[in-house]
Amino acid sequence: MNLAKHLRNVAKDANEVSFRKYRTAMYEKLKKRASEGYRHMSVKVDSDFFTAKQLDRLQNGLESQGFKITVSRNAYVDKVFIEW
């Protein structure tokens, strides 16, 4: 394996770990806000940091748990509005 390919793979792995930590933290925040009686939450996601595929996975995961998701995307930030 050449060095450039190895470094890309390491970067991908680090990004995936960060994404999973972010996703877990978001789920925990959603649970907390729901238990406090809130009915919605707005989240800004840096689209330079996460890939479009990861953001789609996040959206699909939330929707599969019964949340209503509205995503507005621009060049730099994805704004996600979540209702339950």
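The values are calculated or read from the model by the stated rules, or taken from the named source; none is laboratory data. Computed from a prediction, not measured in an experiment: that's the story for all the values here. No Cβ is skipped: glycine too gets one built from the backbone with ideal geometry, and neighbour counts run over all protein chains shown.
General remarks:
- Among the residues making up the range 38-50, those that are at pLDDT 75 or above and part of a loop (DSSP other than H, G, I, E, B) are Tyr38, Arg39.
- Flag if Gly61 is part of a helix (DSSP H, G or I) and either within 12 Å of the chain's Cα centre (by Cα) or modelled with pLDDT of 75 or more (or both): yes
- Residue identified as modelled with pLDDT under 75, part of a helix (DSSP H, G or I) and either surrounded by 11 or more Cβ atoms within 10 Å (Cβ to Cβ) or hydroxyl-bearing (Ser, Thr, Tyr) (or both) among Lys12, Lys5, Lys79, Lys29: Lys12
- Checked against (1) out of contact with any Lys or Arg (no Cβ under 7 Å at 6 or more places or on another chain); (2) aromatic (Phe, Trp, Tyr); (3) at pLDDT below 75, Trp84 meets all criteria but (1).
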